[in-house]
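**Q** One structure, as structure tokens, below. Some questions next.
Every number here is computed from the coordinates shown, using simple stated rules; none is lab data. Since this is a predicted model, take the numbers as computed values, not measurements. Neighbour counts run over all protein chains shown; Cβ positions are idealised from the backbone, glycine included.
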Amino acid sequence: MNQISMKKLGAENSRLQKKANFKSCSVPDNMRMECLGKIIKAHTISKCLGLSDLAIKGRVLGLPQKPNLFEYHKNGGKLEILEMGVNEASVLQCFCAKHDREIFSPIENEDFIASPEQCFLLAYRALINEWYKSVQVDLADVLSEKMKQKSNEAFHQFICDEIPDYVQETEWKKRDLNHDKDIFDDILINKNFSKIKHYIFMGDRSSDMVCSFTLNPDISFENKEIQNYNSPDYLASVYVNGISCEGNSYVIFSWIDNDYTNKVINNFFGGLRSKDNDTIENDIFEFIIKNSENNFFSIKWYESLNRTQTKYLDAWVQPLSNRKLNNMNHKIRFMGLQKHYLL
């Protein structure tokens, strides 16, 4: 990379780093007057719901928490799973101290029983994680869609020339996130938790992975198209959380309860829920890794994977436009799935 390109890369990296440090409380507008205390580094995955349990001497594995284009350049446009402190994992500066404490108290300070309120708050955090980054004009999704099959040289050119451009798909995504946040904010204020549906997969041991993310699913677990990213129409979202508590693990899929979204989610699951538990856990793991960057793993668990499994995992975390599942038995287990049900 020549000196001019490096200078452009440096300028773009500084811009992204600045955005990553943006601070704002993400509560509904009519609650902002109640903000108290500084904007804190809030965990999008609770330490008490599995993140701390994963840690060995306070360390976990995950993807980089802030965009660093110099590291992308150094690694040829590839992401690397890194070791980090648990206090650095899954944090955003998106709530003031008062609202983070008060809103999420039912999942931070009460026994987790997968109640409608607790599952809603997990989904709310997943939504805020994505909505908050979209407000900063986060460009990770643009990278994900553009980087497939790009050579190292092409990646450099893309970073320098194409990232600053807005794309229509990003604007549609922000529109849809704002729409969904309005619904979630209303539910939060009025405590109408029945307006969100949840499908819960539960395991009989602590999880080796935790996650929290929002997705507009375009393909199902059976690799059938269910929504079109290139369409200007509203796209339904699913909010996914992987946690563990009191020796049990949970992967919870949540969505807004309306006719359109219910149809999308039914098509999204397809025949997954009728399969045996090993196959379901197998497919859920691959789905999460291919669709989320907000995942964290146990170091001991990662080291226990064989060479082929590690190769799969390292490949699946890369930003790919093709998120189809391989529908193969990779035998990577993380939760000991025992049962699943609709809430």
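**Q** If we count every other residue with Cβ under 11 angstrom of HIS99's Cβ, Lys/Arg +1 and Asp/Glu -1, where does the sum land?
**A** So the surrounding residues net to 0.
**Q** Picking from ASN230, THR214, PHE285, whose Cα lies most toward the positive end of the charge dipole for segment 178-299 (charges on Cβ: Lys, Arg +1; Asp, Glu -1)?
**A** Of the options given, the answer is THR214.
**Q** I would also like to ask the following. Note down the net charge around ILE332, summing +1 for each Lys or Arg and -1 for each Asp or Glu among other residues with Cβ under 13 Å from its Cβ.
**A** -1
**Q** Still on this structure, please answer the following. With N residues in segment 205-343, what two-decimal value do you get for its Cα radius of gyration over 2.2 N^0.38 Å?
**A** Rounded to two decimals, the normalised Rg is 1.04.
**Q** Separate question: For segment 209-300, which chymotrypsin sites (Phe, Trp or Tyr not before Pro) pass both filters: DSSP loop (anything but H, G, I, E, B) and at most 14 other C-beta atoms within 10 Å?
**A** Those satisfying the criteria are TYR229.
**Q** Shifting gears a bit: Please list, ordered by chain and number, the residues whose modelled amide H lies under 5 Å from the amide H of GLN338; skip anything fewer than 5 residues away on the same chain.
**A** MET202, GLY203, ASP204
**Q** I'd like the Karplus ³J(HN,Hα) series for segment 93-99: coefficients 6.51, -1.76, 1.60, θ = phi - 60°, whole numbers in Hz, and an x wherever there's a Gly or Pro.
**A** 9, 10, 9, 6, 4, 4, 6
**Q** Based on the Cα gyration tensor of segment 255-309, what are the three equivalent ellipsoid semi-axes, each the root of five times an eigenvalue, rounded to whole Å and given largest first?
**A** 29, 15, 8
**Q** Can you tell me the order of 24-37, 43-56 when each peptide is scored by its average per-residue count of other Cβ atoms within 10 angstrom, highest first?
**A** With the highest mean Cβ count within 10 Å placed first, the list reads 43-56, 24-37.
**Q** Continuing with the same structure: For segment 179-273, which GluC sites (Glu not before Pro) are in a loop by DSSP, counting at most 12 other Cβ atoms within 10 Å?
**A** Answer in residue order: GLU246.
**Q** Using θ = phi - 60° and the Karplus relation 6.51 cos²θ - 1.76 cosθ + 1.60, list the HN-Hα couplings for segment 40-46 in order, rounded to whole Hz, with x at every Gly or Pro.
**A** Going residue by residue, I get 9, 7, 8, 6, 7, 10, 4 Hz, with x marking Gly and Pro.
**Q** Return the whole-Å distance between the Cα centroid of segment 264-343 and the Cα centroid of segment 199-217.
**A** Segment 264-343 and segment 199-217 have Cα centres separated by 10 Å.
**Q** 5 Å is the cut-off here: which amide hydrogens, built 1.01 Å from N in the peptide plane, fall below it relative to ASN248, excluding neighbours closer than 5 in sequence?
**A** Residues meeting the criterion, in which the H sits 1.01 Å from N, do not exist here.
**Q** Counting only residues 5 or more places away or on other chains, whose amide H sits under 5 Å from the amide H of VAL91 once H atoms are built in the peptide plane?
**A** So VAL91 has HN proximity to THR44.
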